[in-house]
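Before any comments, here is the structure.
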Amino acid sequence: MEEAGRAVATAAQRLAPSGRVVLLAGGGANGGDALVAARHLSVAGRDVQVLAAPATHPLTRLNRRRLKAVGVSPQVLSPARLRAGARGAALLVDGLLGTGFRAPLRPSMEALIAEVNAARAQGAPVLAIDVPSGLEAGPARAAGPAVQADATVTLMGWKPALLFGEAATRAGAVDLTPLSVPRAWVAPEAVAARLPDALIGFWLPERPADAHKGTAGRVWVLGGHPGTAGAPVLAGVGALRTGAGLVTLHSLAELPLLHPELMVRRHPSWPEALPALAASGLPDALAVGMGLGPEAAEVARAVLAWKVPTVLDADALQPDLAGAGHDRCVWTPHPGEAARLLDVPTAQVTGDPLVSARALQAQMGGVVVLKGGPSVVAWSGGLVVARGGHPGMATAGMGDTLAGVIAALLGQGLDAARAALCAVRLHARAGERAAARHHYGLVAGDVAEELGGAWLDLRATGR
Ligand SMILES: NC(=O)C1=CN([C@@H]2O[C@H](COP(=O)(O)OP(=O)(O)OC[C@H]3O[C@@H](n4cnc5c(N)ncnc54)[C@H](O)[C@@H]3O)[C@@H](O)[C@H]2O)[C@@H](O)CC1
Ligand SMILES: Nc1ncnc2c1ncn2[C@@H]1O[C@H](COP(=O)(O)OP(=O)(O)O)[C@@H](O)[C@H]1O
């Protein structure tokens, strides 16, 4: 609690370097954090006003005494006091409810939350402790009445509510304070991390000046079927725009020849094509499944046996491939495909993407990218939520492009987890750049065109 409160005080100093800070303390440990923050701010010479509910948590009671010892006496928390106190305040600190909150809100608390939001509307910025009060920390749900924060200092680990769905918009800018506590204390759903762009930029591979197309990654895309013949082309373009040296599309369908840089081989049947391809010398990376049609599972099973770094997307995401993944493969389901793999309703996947991504990874092996806004990347060693992108990316073909990006990075030598993490961030950044020009009208090809610029953006932060 001491460490948490100190982190809150530091954030408060940053958000409001001068003026009166009003701290709201509920009865639980979240309120205790607010009391600790008030003590640090007061000792630092700041004008603090503390409105506190009766303490129910023993550490909160202790910190009330410690606060009094430095000369600050909390006032009784009530909507009227809050309204009066918020007038002219430089900052409101919301320590009303934390992870102990379970909906529904009691009416007395709802009235306090309404006052916080009214004060914010009048111009007082709000810093939330751990989670904005009124949000349950766990799986994302439709948020009821909750504090709208400008910033949140979250403690120990990420909470799903801060990452997904409408609730996430209540938190403002979130900063994680890890706290020196045993890892076992941190709830498994809270360990999802977000990677800084600097790390992605550092991982993106550099190539020597004498690189040639044979060293920049040979990628095969296996996909396409009458009616979905564009999907492998989009993946191929995604791979080219991510620097793949040689990209060949293999299909039974006639593919639209929109990009002369892509090589295309049409095959009579997969049972004939696959042994011939294996005998011809395998590529550095594969992307399989985009628009491939009903034979996708068999094709995917065959290529997984090659043990080449492989992205499995779209039609290749079949439940009977469970356990067939190897440590160099990446599965890229959207929530509908994830639901089919897990045999659960789609709402269960979107309701708890962290748990779903972890379950998929355990089921399929390798690395899983559960796509969405944001996407979740899960591998045996961790779980990362990759924010960014733009709602304009909700359009057909966007996932095909991502599969090509992942394949290109696998082909350039990144391991599966890093390839997935870098690709998701590159794709999202390219989407942001494309959206600046096309907004909701952006299409997958626009995102592909921005991949080079996105790479430079990320590299600039990483080196
Ligand atoms: N667990 C730990 O090790 C740490 C916890 N910390 C803090 O502790 C918080 C969790 O503390 P608690 O478990 O005491 O929980 P909270 O402080 O979130 O909530 C408990 C309080 O909320 C009230 N409450 C619960 N549901 C309500 C509802 N529906 N309507 C109105 N009031 C309701 C309870 O009466 C109680 O007063 C975290 O969010 C974080 O701020 C930090 O100090 C860091 C360390
Ligand atoms: N609102 C959004 N915010 C950020 N990214 C998004 C959003 N909507 C879609 N995307 C991204 O676009 C891609 C869509 O993939 P997918 O649904 O498989 O498309 P398709 O099957 O048509 O190729 C995913 O990478 C996803 O993360």
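The values are calculated or read from the model by the stated rules, or taken from the named source; none is laboratory data. Here the structure is a predicted model, which means the values were calculated and not measured. In this analysis, Cβ positions are derived from the backbone assuming ideal geometry, glycine residues included, and neighbour counts consider all displayed protein chains.
Applying the criterion of being of a type in the set (S, T, N, Q) and out of contact with any Gly (no Cβ under 9 Å at 6 or more places or on another chain) to the residues of region 322-360, the residue that is surrounded by the most Cβ atoms within 10 Å (Cβ to Cβ) is 356. Considering 239, 229, the condition of being in contact with a helix residue (DSSP H, G or I) (Cβ under 8 Å, 6 or more places away or on another chain) and either surrounded by 15 or more Cβ atoms within 10 Å (Cβ to Cβ) or of a type in the set (Val, Ile, Thr) (or both) is satisfied by 239 alone.
Within region 309-343, restricting attention to residues that are in contact with a Cys (Cβ under 9 Å, 6 or more places away or on another chain) and among the β-branched types (Val, Ile, Thr), the residue that is nearest to ligand 1 (Cβ to nearest atom) is 311. Say whether the condition of being free of Cβ contacts under 8 Å to residues at least 60 places away in the same chain and part of a helix (DSSP H, G or I) is met by at least one residue in region 323-331. No: zero hits. Sub-9 Å Cβ pairs linking a first residue in region 115-131 that is in the same structural domain as residue 84 (by the TED database) and under 15 Å from residue 85 (Cβ atoms) to a second residue that is of a type in the set (Lys, Arg) and buried (at least 18 other Cβ atoms within 10 Å of the Cβ), at least 6 apart or interchain, are 126/120, ordered by first then second residue.
Filtering region 7-49 down to residues that are among the β-branched types (Val, Ile, Thr) and over 35 Å from the mean Cα position of the chain (by Cα), which residue is surrounded by the fewest Cβ atoms within 10 Å (Cβ to Cβ)? Applying the filter and picking the extreme gives 43.
Across region 32-67, the number of residues qualifying as away from ligand 1 (no atom under 13 Å from the Cβ), over 16 Å from residue 11 (Cβ atoms) and part of a loop (DSSP other than H, G, I, E, B) comes to 2.
Residue 369 meets the conditions (1) under 21 Å from residue 291 (Cβ atoms); (2) assigned to a helix (DSSP H, G or I) in every case but one. The failed one is (2). Across region 1-54, the qualifying residues are those that are under 18 Å from residue 125 (Cα atoms) and among the polar types (S, T, N, Q), and the one among them that is farthest from ligand 2 (Cβ to nearest atom) is 49.
Being within 16 Å of ligand 1 (Cβ to nearest atom), more than 29 Å from residue 457 (Cβ to Cβ) and exposed (fewer than 14 other Cβ atoms within 10 Å of the Cβ) is a description that applies to residue 182. Taking each residue of region 58-74 that is in contact (Cβ under 8 Å) with a residue 60 or more places away in the chain and looking for partners that are part of a helix (DSSP H, G or I) with beta-carbon atoms closer than 7 Å, six or more apart or interchain, yields 63/32; 63/35; 63/36.
Answer yes or no as to whether residue 403 is within 14 Å of ligand 2 (Cβ to nearest atom), within 15 Å of the chain's Cα centre (by Cα), modelled with pLDDT of 95 or more and assigned to a helix (DSSP H, G or I). Give the derivation first.
On the way: within 14 Å of ligand 2 (Cβ to nearest atom): yes; within 15 Å of the chain's Cα centre (by Cα): no; modelled with pLDDT of 95 or more: yes; assigned to a helix (DSSP H, G or I): yes.
No: the conditions fail for residue 403.
Could you please find all residues in region 50-79 being more than 22 Å from residue 111 (Cα to Cα) and under 36 Å from the mean Cα position of the chain (by Cα)? Selection gives 57, 58, 59, 60, 63. For region 90-114, the set of residues classified as away from ligand 1 (no atom under 11 Å from the Cβ) and surrounded by 22 or more Cβ atoms within 10 Å (Cβ to Cβ) consists of 91, 92, 93, listed by residue number. Being under 16 Å from residue 31 (Cα atoms), at pLDDT below 95 and not aromatic (Phe, Trp, Tyr): is that true of residue 99 here? Here the answer is yes, as residue 99 does meet what is asked.
Give me the pairs, please: first residue somewhere in region 245-270 and within 25 Å of residue 412 (Cα to Cα), second residue anywhere and of a type in the set (Phe, Trp, Tyr) and not in a loop (DSSP other than H, G, I, E, B), beta-carbon distance under 7 Å, and either six or more positions apart or on two chains. Pairs found: 248/220; 250/220. Checking the structure you have, find out if any residue of region 302-314 is loosely packed, with under 15 Cβ neighbours inside 10 Å, charged (D, E, K, R), assigned by the TED database to the domain that holds residue 451 and out of contact with any Lys or Arg (no Cβ under 6 Å at 6 or more places or on another chain). Yes, region 302-314 has at least one match.
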